[in-house]
1. Per residue, what accessible area does the stretch 1-121 have, given a 1.4 Å probe and all protein chains present, in Å²?
2. What shape does the stretch 104-151 take by its C-alpha gyration tensor, where a ≥ b ≥ c are the square roots of the eigenvalues and a/c under 1.5 counts as rounded, a/b above b/c as prolate, and the rest as oblate?
3. Taking a quarter of the surface of the Cα convex hull of the chain, what do you get in nm²?
4. Restricting the calculation to Cα positions, tell me the Rg (one decimal) and the Dmax (whole number) of the stretch 23-80 in Å.
5. In the chain, what percent of the accessible surface is made up of carbon and sulfur (1.4 Å probe, ligands and nucleic acids excluded)?
6. Work the Kirkwood hydrodynamic radius out for the stretch 53-94: mean of 1/r over every pair of different alpha-carbon atoms, inverted, in Å.
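The values are calculated or read from the model by the stated rules, or taken from the named source; none is laboratory data. Source: prediction; values computed, not measured. What goes into the accessible areas is simple: the full protein's heavy atoms, side chains included, and nothing from ligands, DNA or RNA. Shrake-Rupley method; radii C 1.70, N 1.55, O 1.52, S 1.80 Å.
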Amino acid sequence: MAHPIRHFRTITAHRHMVIRHCRRAGILWQGLLHDLSKYSPAEFAVGARFYTDGTRSPNEAERQTYGYSKAWLHHKGRNRHHFEYWTDYDPVTKRIRPLPMPDRYIIEMACDRIAASKIYMKDAYTDASPLAYYMRGKATRFIEEQTAKKLEGILTMLADKGEEATFAFLRQAAKRGHIE
């Protein structure tokens, strides 16, 4: 059964939390534009149809049904804060390869992952949750090496030092235009 209202509430709560995190990280404009494609018919209809209980992405349920997620393919192709966006054909190897992400999108990706963990985990969330989730999929992730290193460093900082230190670091990185 479709749940358009519940899905709308979940994606809107997530988006608003990302906006707050992006503001704290010094990239408010990116936060305001974050995930607008989730409201498009290609993504919203699937999200409403496969909505579970707000504790996991509807894309996972769509994948279980069809073996892939059309909504995810649409989403990742339009949102630069997903490392999956940053892949391309390599004319030398004749294979798809991951590309380095610009740091501004790595910062947004970190804000997105923190917010997603908070929304999906609710009261079980800790500052270590985004890193734990990231590490569970590390072995099979198709992400460029320096991009992965930077994101893992941010999530490790969050787990070890908390939000204040992490968002201060991200603000400085956004001002400099790169993550050190």
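1. The answer is 54 Å² per residue.
2. oblate
3. Values: hull surface 43.4 nm².
Projected area, direction-averaged: 10.8 nm².
4. Looking at the stretch 23-80, its Cα Rg and Dmax stand at 12.9, 39 Å.
5. On the way: 5670 of 10050 Å².
Carbon and sulfur atoms account for 56 percent of the accessible area of the chain.
6. 12.0 Å
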